[in-house]
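J.: I'd like to ask some things about the structure below.
The values are calculated or read from the model by the stated rules, or taken from the named source; none is laboratory data. These numbers come from a predicted model, not from an experiment. Please note: Cβ atoms are built from the backbone with ideal geometry, for glycine as well, and neighbour counts cover all protein chains shown.
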Amino acid sequence: MSAKYAMISTWKMSLAGMRKAKRLMESGGSARDALAAAITDVEDDPAFHSVGYSGLPNARGEVELDAGFMNGRDLSFGAVSGVKNIQNPILVARELSGLARSCFLTAAGAESYAAAHGFAMRNMLTEDALAAYRREMAKQTAVREADPAADAHDTVCVVAQDTDAELYAGVSTSGLFMKHPGRVGDSPVIGSGFYCDSTAGGAAATGFGEDVMRGCLSVRIVGRIAAGRSPQEACEEVLEAHLARLADAGYTPGNISVIALGRDGRFGAATNRAEFPFVVFDEAREATLMVCRSDGGRIRVEEADAAWLESYKGD
Ligand code: SD4
């Protein structure tokens, strides 16, 4: 059985945007627009310090944002990285996916494209984010190698499927807090931070980008779905294999979480964190907050209950 439409997104911070996206899909909107609505909602909200406006800055006190978008029908994609003053990086990434060449632009080149094509520009660094930067600088005194503050990161990732079983994937992030200027994570990198193919499914990742890129996780998950696995099986198998491979190499990764959606609307998630919240909806279900838990490598996925909501402090 196949859903008429379905969407999945990372982190609790995406819940309000996913509710808007659900309304859009109910009134006949496309998954492409619903995905943009969900992501711009997080980009525009200054309460969230890991995406868009009010994102946390790099080690020089500058916000550098990354975003990517993919169309699973024709495999076109667009991405921007290291942009400082584009209000909605996801919208520029989506526009760039219409180009066959120069569809992944970085820093000043991406900014001049956005300005020339009428996208809203804005100083994305807020007083709040600057204050967090100053506090972090005060902590990281004597020996400071570019060492990103470990807990301050989260990417909004969305995979969306619509009535024609077309799939889209999109991501937006400010990357790791205190990252080296110019550092780019997995998020805007096709195959690592996001991937989708309308003949199979879509996937996206959040966590320490370097550790995600080492395994090109999103394209591998989509490959497993194409080979007949459910999105849940695909997420678990790929993450488990990647973690085992890194362990063999003697490397201990940071947090990694993945989500996936099949062309039939089934979803999946996996993580190496104790818990990873994400959101799903389809035509039969309102936007619903779920929690994926890793218990010694065993993955459990269930709906978030009131007690969990009460206790959860993250985004
Ligand atoms: C990055 N993957 O820049 C992003 C950050 C993130 O949860 O997703 N954190 O590495």
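J.: Of everything in the range 193-245, what is within 15 Å of the ligand (Cβ to nearest atom) and part of a strand (DSSP E or B)? Give them in sequence order.
T.: Listed by number, the residues that qualify are Phe194, Tyr195, Ala203, Ala204, Ala205, Thr206, Gly207.
J.: List pairs: first residue in the range 1-25 and under 15 Å from Ser172 (Cα atoms), second residue away from the ligand (no atom under 16 Å from the Cβ) and assigned to a loop (DSSP other than H, G, I, E, B) anywhere in the structure, Cβ distance under 6 angstrom, at least six positions apart or on different chains.
T.: Short answer, once both residue conditions are applied: none.
J.: Name the single residue that is surrounded by the most Cβ atoms within 10 Å (Cβ to Cβ) among those in the range 1-37 being hydrophobic (A, V, I, L, M, F, W, C), closer than 18 Å to Gly202 by Cβ and within 16 Å of the ligand (Cβ to nearest atom).
T.: Here the answer is Ile8.
J.: Answer yes if at least one residue in the range 40-61 is under 26 Å from Pro277 (Cβ atoms), at pLDDT below 95 and acidic (Asp, Glu), and no otherwise.
T.: Checking the range 40-61: at least one residue is under 26 Å from Pro277 (Cβ atoms), at pLDDT below 95 and acidic (Asp, Glu).
J.: Using the structure shown, decide if Ser81 is farther than 23 Å from Ala31 by Cβ and either modelled with pLDDT under 95 or of a type in the set (Asp, Glu) (or both).
T.: It is false that Ser81 is farther than 23 Å from Ala31 by Cβ and either modelled with pLDDT under 95 or of a type in the set (Asp, Glu) (or both).
J.: Applying the selection to the range 140-166, what residues are at pLDDT 80 or above and either within 12 Å of the ligand (Cβ to nearest atom) or under 21 Å from Val42 (Cα atoms) (or both)?
T.: Asp154, Thr155, Val156, Cys157, Val158, Val159, Ala160, Gln161
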